[in-house]
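Report on one structure; see the data block that follows.
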Amino acid sequence: MPTPGSSPALTEAWTWENAVAGASAGFATVATLHPLDVVRTRFQVSGGKGCSDVSPYRNTAHAVYTIARSEGPRGLYAGFYPAVLGSTLSWGLYFFFYNRAKQRYLQWKDDQLRPVHHLMSAAEAGALVCLFTNPKWLVKTRLQLQTPRHHASRYSGFSDALRTIMKEEGWLSLYRGIGPGLLLVTHGAIQFTAYEELHKAVILTKSRDNRSYKDSLNSIDYAALGAGSKVTAILLTYPYQANSFALPYSHQLSV
């Protein structure tokens with residue numbers, strides 16, 4: 001990472017590198033794990049007990065089997081296009097805004113950033129990304145919750161859903177659930193703060209073995225850091241996350 005004394009060109013290059021890396025990771029994650037995201041969304045809205053047109057599921061494996069049997073493979077990839085677009089855009093923007101914010105705080109300080117600076121940087125990035133991408137996530141949720149038993153008008157795809165929602169409900173409806181979404185900024189803030197602080201702790205521990213900074217961490221270390229910080233954030237913010245998924249669809253759940 002560039003230091004406070006780094007040249008503007010190096011700082012700018014680092015920011016865009018992180019944005020591209022974040023976008024690539026977002027795309028790869030959705031492309032690989034989207035069926036599980038569909039299952040998660042349906043569980044969050046129905047509680048797995050059945051709600052309106054959402055079938056009851058006993059567990060994750062049963063949900064995957066039921067969706068595949070009743071809706072086919074397309075059911076497991078419902079909302080894929082807005083999901084992959086939203087995730088790629090969201091993570092690209094998130095890393096861009098996050099590193100911009102950290103650079104701004106570094107200009108005010110001559111030493112390393114404190115946890116509060118990481119927290120504020122992540123919260124700022126999360127709020128901006130939420131405002132930019134909420135319509136995409138709302139459309140993705142609507143598409144994922146469509147089932148063969150759905151009585152309301154179905155959407156044929158992302159563009160049709162977007163047009164229909166704007167025509168029938170108004171453009172403001174694209175920001176339904178924005179309140180809980182902004183509250184979920186705490187999820188990213190906690191995750192990135194935990195990651196940064198764990199990263200420092202691991203580097204400090206491994207530096208005692210007289211290895212250079214560049215060689216201090218390997219891929220397994222980074223994976224463990226990412227997983228640990230993510231689990232921490234999920235445990236602390238999951239109730240808000242479930243609520244944010246339900247709100248965009250709540251007006252149709254009673255149909």
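The values are calculated or read from the model by the stated rules, or taken from the named source; none is laboratory data. Worth saying up front: this structure is predicted, and the values here are computed from it rather than measured. Note that we place each Cβ from the backbone using ideal geometry, even for glycine, and neighbour counts take in every protein chain shown.
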> Out of the range 66-86, which residues are out of contact with any Lys or Arg (no Cβ under 9 Å at 6 or more places or on another chain) and within 29 Å of residue 182 (Cβ to Cβ)?
Replying inline: 77, 84
> Restricting attention to the range 56-108, and to residues there that are touching a Leu at 6+ places or on another chain (Cβ under 8 Å), among the hydrophobic types (A, V, I, L, M, F, W, C) and assigned to a helix (DSSP H, G or I), which single residue is surrounded by the most Cβ atoms within 10 Å (Cβ to Cβ)?
Replying inline: 67
> Is it the case that the range 186-202 has a residue that's modelled with pLDDT of 80 or more, assigned to a loop (DSSP other than H, G, I, E, B) and within 22 Å of the chain's Cα centre (by Cα)?
Replying inline: no
> When residue 39 is evaluated against the numbered criteria (1) touching a Phe, Trp or Tyr at 6+ places or on another chain (Cβ under 9 Å); (2) over 21 Å from residue 188 (Cβ atoms); (3) modelled with pLDDT under 85, which criterion, by number, is the only one it fails?
Replying inline: (3)
> If we keep just the residues of the range 144-159 that are within 24 Å of the chain's Cα centre (by Cα) and either outside any loop (DSSP other than H, G, I, E, B) or among the charged types (D, E, K, R) (or both), which is modelled with the highest pLDDT?
Replying inline: 159
